[in-house]
Structure formats: C-alpha cells, structure tokens
Amino acid sequence: MKNEVQKIYHLIENEISQMDPTKYHNNDAKTLLAEGDWIENLIQLSNFSLNALEISRIKAEFIGLGPIEHLLLDTEITEILILHEKDIWFEKNGSLLKHSDSFLGHLSFQNFVKKISHLIGQQYSLKTPYVNGRFENCRVHLIGP
C-alpha cells in the first residue's frame, strides 16, 4: 500500500480515538453508512491522492472486514489464517499462501476481532480471550493474547 494510505489510516485512527466509542462500535447499518461517508469526506479533505481502490480499502479497514474482505468472496479459498494483524495466510487449491495485504493498524485489527465475534454471536474480551463459531461458511477460531 502507498504511503498515503498509511497516512490517511493514521489520520482516521486519530479522529476515531477522539470519538465516543459507543457511536463508533455501533453495527447499525445507518451508522455504518454514515461512517463510510465520514471516512470518505475525511479522505477528500486530506488532499491525499488516492484512487478508488485505495479509498475502498481504507473504508473496508474501518467499516468492513479489512484485508480479508475479498478473500471471503473467493470460492476457491477454503481457509483463512490470521496469526497477527500483519500475518495473514489462506489456503487456495490445496496450497497455503501468504496474503499480500494486512491490517493497516492495531485499532482496525481489534475492531475486526470484535466485529467477527459479534457476527458469530460470541463475546471476545480479556475474561474470555477466545471465540469459536462459523461465519460465511468458514470456521472461526480466535485466540487472544
């Protein structure tokens, strides 16, 4: 990813750190749409030169499933392993491959873990730093630090 993508990620991360967390972590569809608009407006105001794919990727980082979003759409991928925010692997056609993308930062990785936990109907916390379930025809097993 371009340096501008990393810079805009940190700009958005800084803005989010100053927000009311109950508003940011709300999974209501209208809230997510409003967040997407907010993120896109912030990108436009930043004067960074990003193409549509990079803008889409940044939005996926904060309101979608980040770097694994397109992996979930590939029917030939049978397993996705996220060992760390910067270490993602997937199995395709019987081969284990390292993903060329990763989470842009720790905040979005933490939000991803919370989002997946919520989507599979379990709570991930320091008290229970693990979840097991199914999502999008995939087995999910998360173990925290």
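The values are calculated or read from the model by the stated rules, or taken from the named source; none is laboratory data. A quick note: this is a predicted structure, and the numbers were derived from the prediction, not measured. Cβ: placed from backbone, ideal geometry, glycine included. Neighbour counts: every protein chain shown. We work out accessible area using only protein heavy atoms, side chains counted, and drop any ligands, DNA or RNA first. Shrake-Rupley method; radii C 1.70, N 1.55, O 1.52, S 1.80 Å.
Details
- Scanning segment 44-55 for residues being outside any helix (DSSP H, G or I) and open to solvent by 50 Å² or more (accessible area, probe 1.4 Å) gives a total of 4.
- Segment 69-81 - residue that is out of contact with any helix residue (DSSP H, G or I) (no Cβ under 7 Å at 6 or more places or on another chain) and touching a residue at least 40 places away in the same chain (Cβ under 8 Å) and, of those, nearest to residue 143 (Cα to Cα): 79
- Among the residues of segment 119-145, those identified as β-branched (Val, Ile, Thr) and touching a strand residue (DSSP E or B) at 6+ places or on another chain (Cβ under 6 Å) are 120, 131, 140, 143.
- Count of segment 56-88 residues which are among the β-branched types (Val, Ile, Thr) and open to solvent by 20 Å² or more (accessible area, probe 1.4 Å): 6
- Every test in (1) open to solvent by less than 80 Å² (accessible area, probe 1.4 Å); (2) at negative phi is passed by residue 121 save one, and that test is (2).
- The condition (being on the phi > 0 side of the Ramachandran plot and either over 17 Å from the mean Cα position of the chain (by Cα) or open to solvent by less than 80 Å² (accessible area, probe 1.4 Å) (or both)) is satisfied by just one residue among 41, 111, 93: 93.
- Qualifying position, being over 17 Å from residue 10 (Cα atoms) and at pLDDT 85 or above, among 117, 56: 117
- For segment 96-108, a residue qualifies if it is surrounded by 10 or more Cβ atoms within 10 Å (Cβ to Cβ) and farther than 17 Å from residue 62 by Cβ, and the qualifying residues are 96, 97, 98, 99.
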